[in-house]
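For reference, the structure is listed below as structure tokens.
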Amino acid sequence: MKELFSIWGNTRQIVIIALTAAIYAGMLIPFKAIQIVPGLTELRPANVIPVLFGILFGPAAAWGSAIGNLIADFFGTLSPASAFGFVGNFFFSYTACKLWHIMVKDAVIMDFRQTGIFILISIVASLICAIIVGFGVQLLGLAPFMVLFMIVFINNSLMSSILGVILMKVLYNRIKRTGLLYRHPHGGVD
């Protein structure tokens, strides 16, 4: 839990938060016009960002994903449900980060095993995000839980699984060379 707040005192981590937020918001905003549930959710290929960046950049990406989602909501879906979108996207990214660093102890090569782990993590992280968002939206009386839960879960898991595997293969070594790759404090990949 300490790692979630200590990063706010590190300039490098704050830059990663800002970059993640900007990239995620920038990728979400163009799709605000293609709403699946008007005022609540839209088609979101950008949902690869929280999982992928969570694995690559750690907790800073979780904060950036939450902030980026909130920024994007100002362009068409801002409502009280945006608070649940903030929390849901935070845990979408943070869950991916934690699970990856628990399950993958060696270098990222995205072989068959690691691809399977990546897809499993995308599904679990999507499930957690969908539960948070679906619960919040139902609590606010804006839509039934199952409707939004299914939309968010399917969209998140498909986009993060399909695009994430491809992008991980392309980005991992480049990010590692820059020295920005997240190093879990208790071991795991570096």
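Nothing in this text is a laboratory measurement; each read-out follows from the coordinates by a stated rule. Quantities reported herein were computed from a predicted structural model and do not represent experimental measurements. For neighbour counting, all protein chains shown are included, and Cβ atoms are generated from backbone atoms with ideal geometry for every residue, glycine included.
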Subject >> Top positive-direction residue, dipole computed over the range 93-190 with Cβ charges, set Leu181, Leu120, Ile151 >> reply: Leu181
Original post:
From the list (i) 15.4; (ii) 9.8; (iii) 11.6, can you say which value of mean projected area of the Cα convex hull in nm² was derived from the structure given?
Top reply: (ii)
Subject >> Residues Met159, Met150, Met110 arranged by fewest to most Cβ contacts within 10 Å >> reply: Met150, Met110, Met159
Original post:
Where does each of Leu181, Leu142 land when they are ranked from fewest to most other beta-carbon atoms within 10 angstrom?
Top reply: Leu142, Leu181
Original post:
What's the center-to-center distance, using Cα atoms, between the range 115-140 and the range 57-87 in Å?
Top reply: 15
**OP:** Take each complete run of DSSP H in the chain, measure how far its Cα atoms stretch along the helix's own axis, and keep only those covering 27 Å or more with mean Kyte-Doolittle hydropathy at least 1.0; list them.
**Re:** 112-139, 145-178
Original post:
In what sequence do Thr20, Thr77 fall when counting other Cβ within 10 Å, fewest first?
Top reply: Thr77, Thr20
Original post:
So what is the relative contact order of the range 2-178, in percent, for Cα pairs below 8 Å that sit 6 or more residues apart?
Top reply: 23
**OP:** Would you kindly calculate the mean projected area, averaged across all directions, of the convex hull enclosing the Cα atoms of the range 89-190, in square nanometres?
**Re:** 6.8
Original post:
Across the range 2-178, how many lysine pairs separated by 8 or more positions, or lying on different chains, have Cα atoms within less than 30 Å?
Top reply: 9
Subject >> Computed helical MRE - 222 nm, the chain, DSSP H runs ≥ 4 contributing -39500 (n - 2.57), nearest 500 >> reply: -23500 deg cm²/dmol
